[in-house]
1. Hey, if we sort R4, R113 by accessible area with the 1.4 Å probe, largest down, what's the order?
2. If you line up the long axis of helix 34-48 against the longest principal axis of the chain, both from Cα atoms, how many degrees apart are they, to the nearest 10?
3. Taking a cut-off of 16 Å between Cα atoms, list the lysines near K73, but don't count ones fewer than 8 places away on the same chain.
4. Given a 1.4 Å probe and the protein chains all in place, what does the accessible area of D55 round to, in Å² to the nearest 10?
5. How high is the relative contact order of the chain, in percent, counting Cα pairs under 8 Å that sit 6 or more residues apart?
6. Give me the one-decimal nm value for the distance between modelled label points at Q63 and S93, 7 Å along each residue's Cα-to-Cβ direction.
7. Roughly how many debye, to the nearest 20, is the charge dipole of the chain about its Cα centre, given +1 on each Lys and Arg Cβ, -1 on each Asp and Glu Cβ, and no other charges?
8. Please report the accessible area of F26 (heavy atoms, 1.4 Å probe, ligands and nucleic acids excluded) in Å², nearest 10.
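The values are calculated or read from the model by the stated rules, or taken from the named source; none is laboratory data. Here the structure is a predicted model, which is why all the values come from computation and not from measurement. Counting neighbours? That spans all protein chains shown, and the Cβs are built from the backbone with ideal geometry, glycine included. Ligands, DNA and RNA are excluded from the accessible area calculation, which covers all protein heavy atoms including side chains. Shrake-Rupley method; radii C 1.70, N 1.55, O 1.52, S 1.80 Å.
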Amino acid sequence: MITRLQVRNFKSLYSVDVTLGGLNVFVGPNMGGKSNLVDVFSFLQQMLFPKPGVDGLTYALAQRGGIGEVLWKGGDEPLISISLEATLPEKSSSCVYDLQIIAGTGGFAQIQRESLKVLKGNESIDLI
């Protein structure tokens, strides 16, 4: 179960850190970022599980109008950061997925850093 979501510079989400539970309800004013928070999960799904022969990052960005439309427009930082924390079926284990996407010139974007770690007690195992 996903227990925490951290997002930086994604659409209208400048810096968000949300603790999640078994059931989550997002309430707030119109244009408050609720849909963009949910879109983070759709973006990750499209990026990580693309159709055969399709570059996941390129496809996920294209579905949203390109990197220029996905980057938060309130600053100059060209880096999108997404981090997910989850508990595993073994209650003593958890995992952390971190992703950083950097925007370049001409609408180009690439993954700058990606990691997946399993945490079990005091042990950390790097999978990516």
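1. The ordering from most to least exposed comes out as R113, R4.
2. 80 degrees
3. K11
4. The value for D55 is about 90 Å².
5. 22 percent
6. A separation of 2.8 nm, rounded to one decimal place.
7. 260 debye
8. Solvent-accessible area, nearest 10 Å²: 80 Å².
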